[in-house]
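In what follows, a single structure is set out as structure tokens and then discussed.
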Amino acid sequence: MIESIEDVNNVFKTELYYLEWAFTILFTIEYGLRVYATFPRSDKYMTSFYGIIDLVSIIPTYISLFVPSSQYLLTIRGLRLLRVFRIFKLTQFFGELEILIRALLASRYKIGVFLLAVVLFSIIIGSVMYMVEGAENGFTSIPKSIYWAIVTMTTVGYGDITPTTDLGKFLATVVMLLGYGVLAVPTGIVTVELSQAQKGDIETVCSECGQENHLNEAKYCHSCSASLEI
């Protein structure tokens, strides 16, 4: 019975192998026709976003002939699914994606400072819990106590380490309550920046000196003259 299953699997793999090469050849022909159709400006297509995806999606199959381990690169072909955006006329949503990226980039400094404060608080509360609970209650080291603080603050709560003393439970309660703020603050920051980006008046912050209050059409920082392009 096992041998018959193995035979079926081998046949199935062989069929998939031939099917793989059939699709690769079709994609190669398509790529060649696209290059031919755009001649003499074929370089414009070949260096375009979709042109690079078309090329990258067919290369792994040919590389697998010489480098067997490169078969894992075949998953790159999934990038061709991006052409679905063209088929269903969904390219308009790339504008929405640009707004989201601008909002995330504009809020990166604020979120960075906030995360730094969270890390420092986790180190402090973890160290305190290590002194309060001790190794006999599972807090065997400061790094492990910091791990408990992060898990508790992010409301994950694995439960592998739990405080047993009254003071430790009180500190855990404080960390749990602060955990809601940890989740809410970054969301609020990104929401504000996203709202400003949709209005077109997103505040540009210089990546070199951190100067704010630039004009919307400004390309260079008025303080250090660094480029403001994101």
(request) Report whether or not Tyr158 is exposed (fewer than 14 other Cβ atoms within 10 Å of the Cβ), among the aromatic types (Phe, Trp, Tyr) and free of Cβ contacts under 8 Å to residues at least 24 places away in the same chain. (result) yes
(request) Check region 132-143 and report whether any residue there is within 17 Å of Val119 (Cβ to Cβ) and either basic (Lys, Arg) or surrounded by fewer than 18 Cβ atoms within 10 Å (Cβ to Cβ) (or both). (result) yes
(request) Kindly check whether there is at least one residue in region 180-188 that is of a type outside the set (Lys, Arg) and at pLDDT below 65. (result) no
(request) May I ask you to list the residues in region 175-185 that are more than 26 Å from the chain's Cα centre (by Cα), free of Cβ contacts under 8 Å to residues at least 40 places away in the same chain and surrounded by 13 or more Cβ atoms within 10 Å (Cβ to Cβ)? (result) Met176
(request) Please enumerate the residues belonging to region 137-176 that are modelled with pLDDT of 90 or more, under 30 Å from Ala103 (Cα atoms) and out of contact with any helix residue (DSSP H, G or I) (no Cβ under 8 Å at 6 or more places or on another chain). (result) Val151
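The values are calculated or read from the model by the stated rules, or taken from the named source; none is laboratory data. Being a predicted model, the structure only gives us computed values, none of them experimental. Counting neighbours? That spans all protein chains shown, and the Cβs are built from the backbone with ideal geometry, glycine included.
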